[in-house]
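The values are calculated or read from the model by the stated rules, or taken from the named source; none is laboratory data. None of the values given here were measured: they were computed from a predicted structure. With ideal geometry, Cβ positions are generated from the backbone for all residues, glycine too; neighbour counts draw on all protein chains shown. For accessibility, only protein heavy atoms count, side chains too; no ligands or nucleic acids. Shrake-Rupley method; radii C 1.70, N 1.55, O 1.52, S 1.80 Å.
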Number of protein chains: 2
Amino acid sequence: MPETPLILICNDDSVDAPGLRNLIEAVAGLGHIVAVAPAKPQSGKSSAITVDKPLRIDRRPDIGEAEVYAVTGTPVDCVKLAMHTVLSGRKVSALLSGINHGSNAGNCVIYSGTMGAAFEACMLGIPAIGFSLLHHSWKADFSQCKPFVRSITAAVIARGLPKGICLNVNIPARCVPKGIKIVRAGEGYWTEEYVDYTDPQGRPFYLLTGRYIDTNPESDQTDSYWLDRDYVTVVPVRPDPTAADKLEEIREILADR
Amino acid sequence: MPETPLILICNDDSVDAPGLRNLIEAVAGLGHIVAVAPAKPQSGKSSAITVDKPLRIDRRPDIGEAEVYAVTGTPVDCVKLAMHTVLSGRKVSALLSGINHGSNAGNCVIYSGTMGAAFEACMLGIPAIGFSLLHHSWKADFSQCKPFVRSITAAVIARGLPKGICLNVNIPARCVPKGIKIVRAGEGYWTEEYVDYTDPQGRPFYLLTGRYIDTNPESDQTDSYWLDRDYVTVVPVRPDPTAADKLEEIREILADR
């Protein structure tokens with residue numbers, strides 16, 4: 001008889017986020033679930049690691065059948081410390097991260113703590129998926145996205161993923177998704193990124209905001225395009241950023257150096 | 001007459017790091033230099049952004065001919081806030097990040113704040129290079145690496161880089177480098193990552209350490225291989241993590257979902 005799959009769940013919105021509970025509910029029964037999530041919100045933490053401060057991991061009340069732990073660090077810290085402590089020596093069948101409260105489509109993937117956890121697991125050889133719902137509210141309705149989360153997870157546990165590849169899954173918030181599109185990340189950048197303030201002493205300070213500009217909105221090959229049309233999008237992503245196809249071009253640029 | 005190139009310099013070791021001063025010295029005369037670096041060390045911050053706290057930017061004493069500013073945030077915050085404030089509306093010819101105190105070869109690139117700044121500039125269309133010296137000490141000798149830093153920078157300012165590509169440059173510490181190799185990132189992972197402690201109240205805590213395992217040490221196509229043999233390595237890297245070559249394979253894995 002095959003062993004029960006062990007599923008590690010993480011996120012970046014913290015152990016208290018409704019998205020974590022909804023992810024646990026969405027995959028209930030697919031395996032034994034251990035959730036190791038940040039004690040405090042860690043949005044925008046990318047693949048950051050804590051290099052200079054002590055980390056703690058503490059048991060929290062179970063959520064459904066899932067064991068739950070909180071780590072005083074980033075999403076990547078959660079994955080690393082889970083493997084060092086509660087999951088030490090155990091084979092993990094899948095790492096699921098999320099469900100994030102908000103989009104990780106387009107170039108948001110690079111800033112995403114949700115995807116930081118997925119990249120980390122992927123580099124450890126664990127099939128990994130980040131899930132994000134395009135709705136920031138903690139009162140967001142996750143009910144329509146659960147069947148998609150469950151079926152994608154089941155497929156990945158059953159069939160695995162190519163070596164060095166994990167998945168960035170985004171889910172539209174507006175209505176029942178029409179289906180799944182496997183595509184590339186949308187191209188774009190952020191503009192009007194800060195609001196300027198002046199403190200009571202007359203000194204300036206800045207708070208991040210910004211507006212995302214899709215530089216190729218007509219392409220039907222991107223996550224941004226299909227999310228706008230109410231499809232779930234799956235982007236295969238690679239933690240190794242090497243641009244192997246550009247080695248020759250760079251050799252020419254640096255030729256006489 | 002061509003305009004004087006504008007060079008933005010950042011790092012993750014802080015505005016006070018010797019590596020920043022050495023980078024400014026290495027490229028002196030190649031353009032007008034503005035350095036915008038974190039007020040405090042930001043090692044391991046990857047592409048993290050500050051989403052929920054006010055940021056400040058303050059002028060510091062010039063270093064050589066360079067204008068210097070300190071930002072109370074991450075390396076990516078430095079690039080974004082530099083573009084919003086002191087460089088607003090100006091064309092930047094190159095972003096240089098470093099010189100990092102320590103290696104960013106192999107899979108270290110994903111955790112690197114040095115490379116976080118380079119990725120950010122790259123996504124804004126600015127030719128970007130991260131430089132790292134394989135020596136952690138603030139007393140490290142940068143003199144041998146300066147000619148390499150200068151010649152690579154000059155080539156990139158003169159010829160640009162392919163769209164969506166930036167460079168991860170690592171420099172051996174031991175002696176005069178033998179030359180430059182343009183290669184891919186070494187494959188590997190970290191093991192034995194934490195030291196376990198117990199606090200006076202009997203509760204466990206953990207501090208990050210770890211040992212890097214090169215999983216393909218024989219390949220002569222990687223940065224790790226050539227750094228061991230005293231070459232400077234240049235890895236072309238792409239902020240967009242889409243694995244475009246794996247779309248079909250993922251479609252098959254998720255086919256009946």
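Data table
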item: Antiparallel bridges, percent of DSSP beta bridges restricted to the protein assembly as shown (to nearest 5); result: 45
item: Residues in segment A:234-253 that, when all protein chains are in place, have 30 Å² or more less accessible area than the chain alone would give (probe 1.4 Å); result: A:Pro236, A:Arg238, A:Asp240, A:Pro241, A:Thr242, A:Ala243, A:Lys246, A:Leu247, A:Ile250, A:Arg251, A:Ile253
item: Chain pair A, B: total accessible area buried, heavy atoms, 1.4 Å probe, Å²; result: 7100
item: Computed over chain B: relative contact order in percent, which uses C-alpha pairs under 8 Å that are six or more apart; result: 18
item: At R0 = 35 Å, FRET efficiency that the Cβ-Cβ distance of A:Ala244 and A:Arg59 yields, to 0.05; result: 0.20
item: Percent carbon-and-sulfur accessible area, segment B:1-64, ignoring ligands, DNA and RNA, probe 1.4 Å; result: 50
item: Exposure rule at most 13 other beta-carbon atoms within 10 Å, DSSP loop GluC sites (Glu not before Pro): chain A longest free segment; result: A:66-191
item: For the protein assembly as shown, with +1 on Lys and Arg beta carbons and -1 on Asp and Glu, the positive-most of A:Gln221, A:Ser88, B:Val183 along the dipole; result: A:Ser88
item: Per-residue SASA entry for A:Asp196, accessible area with 1.4 Å probe, Å² rounded to 10; result: 90
item: Chain A: most fluctuating residue of A:Ile152, A:Ile171, A:Ile213 per GNM, C-alpha cutoff 10 Å; result: A:Ile213
item: A:Trp190, A:Trp138, reordered so the largest accessible area comes first (probe 1.4 Å); result: A:Trp138, A:Trp190
item: Computed over segment A:80-222: relative contact order in percent, which uses C-alpha pairs under 8 Å that are six or more apart; result: 22
item: About the Cα centre, charge dipole magnitude for the protein assembly as shown (Lys/Arg +1, Asp/Glu -1 at Cβ), debye; result: 240
item: List A:Thr191, B:Thr215, A:Thr114, ordered by accessible area with a 1.4 Å probe, largest first; result: B:Thr215, A:Thr191, A:Thr114
item: Solvent-accessible area per residue for segment A:91-186 (1.4 angstrom probe, square angstrom); result: 33
item: GNM result for chain B, Cα springs below 10 Å: residue of B:Phe148, B:Phe205, B:Phe131 fluctuating most strongly; result: B:Phe205
item: Top of B:Asp16, B:Asp199, B:Asp230 by mean-square fluctuation, Gaussian network on chain B, Cα under 10 Å; result: B:Asp199
item: Area accessible to solvent at A:Met123, 1.4 Å probe radius, in Å²; result: 40
item: Taking N as its residue count, the alpha carbon Rg of segment B:155-222 over 2.2 N^0.38 Å; result: 1.78
